[in-house]
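No value in this document is a laboratory result; all are computed from the given coordinates. All values reported here derive from a predicted model rather than from experimental measurement. When we count neighbours, we look across all protein chains shown, and the Cβ atoms used for this are built from the backbone with ideal geometry, even at glycine.
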Amino acid sequence: MRQFCGYGLVHSSQAREFAVAVCDVLGHGGNAVAVRLLLETAAQETHVGQFRDPSPDGAGRGLCQVDAIAFVDVIQRTPEKDFALIKAAFGIDMRQVDHDDLDFSPLLSFIVCRLFYKRIPEAIPAAIDARGAYWKKYYNTYLGKGSVGEYVDNALRFL
């Protein structure tokens with residue numbers, strides 16, 4: 001991993017530590033690849049912290065570029081048991097977190113990203129290209145500019 005420039009990381013290698021810690025609490029998924037999905041999402045969205053969203057209001061926030069609509073939806077629809085796990089493990093009351101807090105905490109960004117993906121009933125795919133399609137379908141959606149090929153390229157380049 002490369003040297004870091006923002007989003008609360010001192011060095012990009014810390015991203016793996018945060019992603020593992022989050023998945024140890026919230027689950028690694030049926031194929032045990034949730035850590036990879038979180039890191040690949042960060043690689044696609046911010047080059048693991050090396051790219052800052054140029055939009056004036058920062059439409060996406062944090063290492064995983066969670067947008068405001070997704071953030072509100074995650075907070076509203078997350079089961080209380082998951083909030084309790086987060087509170088016990090990290091001391092964070094997710095109901096007190098603001099969207100812009102994600103810009104300064106890679107841990108929060110990965111927590112919200114993992115909670116987002118947990119809402120999807122389809123298992124996280126084992127293969128990277130299939131995870132790219134999963135990210136595109138659920139996270140970036142047809143409205144986003146990203147592509148599956150770009151996702152794979154960025155994962156290979158930045159991780």
May I ask you to compute the full-extension gain from ALA59 to THR141, defined as 0.36 nm times their residue separation minus their alpha-carbon distance, rounded to one decimal in nm?
28.0 nm
For Rg/Rh (Cα atoms, Kirkwood Rh), pick the label among (1) 1.08; (2) 1.01; (3) 0.92 that corresponds to the value derived from the coordinates.
(3)
At 7 Å along the Cα-to-beta-carbon direction for both GLN50 and LYS81, put a label point, then send me their distance in nm to one decimal.
4.0
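If each residue of separation counts as 0.36 nm, what is the full-extension length gain between ALA126 and PHE90 once their alpha-carbon separation is subtracted?
Gain in length upon complete extension: 10.2 nm.
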With θ set to phi - 60°, apply the Karplus curve 6.51 cos²θ - 1.76 cosθ + 1.60 along region 143-159 and write out the HN-Hα couplings as whole Hz, x wherever there is a Gly or Pro.
7, x, 7, x, 10, 4, x, 5, 4, 4, 4, 5, 4, 5, 6, 9, 10
Gaussian network model of the chain, Cα within-10 Å springs - most flexible of ALA34, ALA123, ALA15
ALA123
Roughly how many whole Å is it from the C-alpha centroid of region 50-80 to that of region 97-149?
10
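Could you list CYS23, CYS64 in order of exposure, starting from the residue whose Cβ has the fewest other Cβ atoms within 10 Å? Display every interim value, and only then the final one.
Values: CYS23 20, CYS64 30.
Ordered by Cβ neighbours within 10 Å, fewest first: CYS23, CYS64.
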Quick check for me: using +1 on Lys/Arg Cβ and -1 on Asp/Glu Cβ, what's the dipole size of the chain about its Cα centre, in debye to the nearest 20?
360
What residue among ALA19, ALA43, ALA32 shows peak mean-square fluctuation when the chain is described by a Gaussian network model with Cα springs under 10 Å?
ALA32
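Please count, across the chain, the pairs of lysine residues with Cα atoms under 25 Å apart that sit 8 or more places apart or on different chains.
Values: LYS81/LYS118; LYS87/LYS118; LYS118/LYS136; LYS118/LYS137; LYS118/LYS145; LYS136/LYS145; LYS137/LYS145.
Step by step, the pairs that qualify in the chain add up to 7.
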How much net charge surrounds ALA84 when only other residues with a Cβ under 12 Å from its Cβ are counted (Lys, Arg +1; Asp, Glu -1)?
0
Using a Gaussian network for the chain with springs between C-alpha atoms less than 10 Å apart, which of these wobbles most: GLN50, GLN96, GLN65?
GLN96
Order of THR41, THR141 - criterion: other Cβ atoms within 10 Å of each residue's Cβ, fewest first
THR141, THR41
Please work out the FRET efficiency for the pair ASP98 and ASP24, using the Cβ-Cβ distance as r and a Förster radius of 22 Å; give the result to the nearest 0.05.
0.30
Quick one: order HIS28, HIS99, HIS11 by neighbouring beta-carbon count within 10 Å, fewest to most.
HIS11, HIS28, HIS99
Taking amide H positions as placed 1.01 Å from N in the peptide plane, with prolines and chain starts having none, which residues 5 or more places from ILE124, or on another chain, fall under 5 Å of its amide H?
GLY30, ASN31
